[in-house]
Structure formats: C-alpha cells, structure tokens
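K.L.:
Questions regarding the structure given below will be posed in turn.
The values are calculated or read from the model by the stated rules, or taken from the named source; none is laboratory data. Bear in mind that the values here come from a model prediction, so they are computed numbers and not experimental data. Here the Cβ positions follow ideal geometry from the backbone for every residue, glycine too, while neighbour counts run over all protein chains shown.
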Amino acid sequence: MCASGKTLMIFVDPGVKIYKDYYLKTILEDALLPWANSNFNGRPWTFQQDSAPAHKAKIVQAWCKSELSDFISAEEWPASSPDLNPPDYNLWSHLESKACATSHPNLDSLKASLTREWDEIDDALLRLIIDAFPKQLRAVVSAKGGRIEK
C-alpha cells in the first residue's frame, strides 16, 4: 500500500525462495518500477522495505538508490522494524479475514479470493491506516527504535 492507495498484488509461486536476484528482477524491476512509473507519473515517492535478507542485499540496495526517486536504505531503517509497516498489523489481517472466510479447494481459488478482496478494499480503510501511521512513528521514536506495545 502507499499513501495514495493500493499497490499491485504480487503472488510468488510455491517453493520459490526470494533471494536477492529473484527479488530484484521479478519484484522490483518487472513489477514495482513499471507500476510506480505509471501511478506516480513523475511525482516524487518514497520506497521503504523491511530488513528481509533480499531487501538488505548490496545489489538490491544499490539498485534502489539508483533507480528510485527516494529510498530509505537498510542502514537508515531500524533493525527490528515490524512496527513501521502498517499493512502488517492492519491491512493483512483485514484481507485474511475476508479472503479466508471460507476454505479454498486449491491455490488458484485462494489467489482469486485474495485478488477480489484486495480490489474491494475501499479507500476509507486505507485512509484510516495511513492516518494512524504518524502515531505509530512517534511511538517507535519514543521507544528509541525498539518494539512497541499495541
């Protein structure tokens, strides 16, 4: 998600390990960059990641610094950053409760349900999540970058 709404949803095939090369080519170059170019139309935007190994890889960090308009590098990001990722606590639980309200006979059914529910998330919910984010940031600063209690 981003401040202006939903991003694209990317599915990774079962068994695929998201190493730096896969992440760089499949996620960043082939999906994120074209989507961002289309959606931001030259307007500035900031990209943030968590501390997953593929995200912190030198080749990925270098690509992000050279290709993205504004990028928060691994050295600027707290080592324990889940509290700085609003979708983890809000959006994904909402999506899971909707998409998994009924069981799915196969992976394609689950993907279709996730995509449908993602598309149906309204801007009002996204705005609530985004508007709550500054409070979350202040709490992390108060905790000196450490974990915060909800």
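K.L.:
Go through the range 9-38 and count every residue that is surrounded by 15 or more Cβ atoms within 10 Å (Cβ to Cβ), of a type outside the set (A, V, I, L, M) and over 22 Å from Glu76 (Cα atoms).
P.N.:
Qualifying residue count for the region: 1.
K.L.:
Residues of the range 84-118 being charged (D, E, K, R) and free of Cβ contacts under 8 Å to residues at least 12 places away in the same chain, which ones? So that I can check it myself, show each step before the final result.
P.N.:
Restricting attention to the range 84-118, the residues satisfying the condition of being charged (D, E, K, R) are 88, 96, 98, 108, 111, 116-117.
Once the filter is applied, which keeps residues that are charged (D, E, K, R) and free of Cβ contacts under 8 Å to residues at least 12 places away in the same chain, the range 84-118 yields Asp88, Glu96, Asp108.
K.L.:
Which condition number does Ser66 fail, the rest of (1) farther than 24 Å from Ser113 by Cα; (2) in contact (Cβ under 8 Å) with a residue 12 or more places away in the chain; (3) hydroxyl-bearing (Ser, Thr, Tyr) being met?
P.N.:
Every condition holds for Ser66 apart from (2).
K.L.:
Under the condition of being in contact with a Ser or Thr (Cβ under 9 Å, 6 or more places away or on another chain) and exposed (fewer than 12 other Cβ atoms within 10 Å of the Cβ), which residue from the range 67-82 is modelled with the highest pLDDT?
P.N.:
Here the residue is Asp70.
K.L.:
Within the range 18-55, which residues are assigned to a helix (DSSP H, G or I), in contact with a Phe, Trp or Tyr (Cβ under 9 Å, 6 or more places away or on another chain) and under 27 Å from Leu137 (Cα atoms)? Give the derivation first.
P.N.:
First, the residues of the range 18-55 that are assigned to a helix (DSSP H, G or I): 20-40, 53-55.
Pick out the ones that are also in contact with a Phe, Trp or Tyr (Cβ under 9 Å, 6 or more places away or on another chain) and you get 24, 28-29, 32, 36, 39, 53-55.
Leu28, Leu32, Ala36, Asn39, Pro53, Ala54, His55 - these are the residues of the range 18-55 that are assigned to a helix (DSSP H, G or I), in contact with a Phe, Trp or Tyr (Cβ under 9 Å, 6 or more places away or on another chain) and under 27 Å from Leu137 (Cα atoms).
K.L.:
Further question: Please specify each residue of the range 95-132 satisfying the condition of being among the hydrophobic types (A, V, I, L, M, F, W, C) and within 18 Å of Gly5 (Cβ to Cβ).
P.N.:
First, pick out the residues of the range 95-132 that are among the hydrophobic types (A, V, I, L, M, F, W, C): 95, 99-101, 107, 110, 112, 114, 118, 121, 124-126, 128-130, 132.
Answer for the range 95-132, where residues must be among the hydrophobic types (A, V, I, L, M, F, W, C) and within 18 Å of Gly5 (Cβ to Cβ): Leu95, Leu114, Trp118, Ile121, Ala124, Leu125, Leu126, Leu128, Ile129, Ile130, Ala132.
K.L.:
Another question about this same structure. Without any contact (Cβ under 8 Å) to a residue 60 or more places away in the chain and touching a Cys at 6+ places or on another chain (Cβ under 8 Å): does that describe Phe40? Give the steps one after another, and end with the answer.
P.N.:
On the way: without any contact (Cβ under 8 Å) to a residue 60 or more places away in the chain: yes; touching a Cys at 6+ places or on another chain (Cβ under 8 Å): no.
No; evaluated as a whole, the condition is false for this residue.
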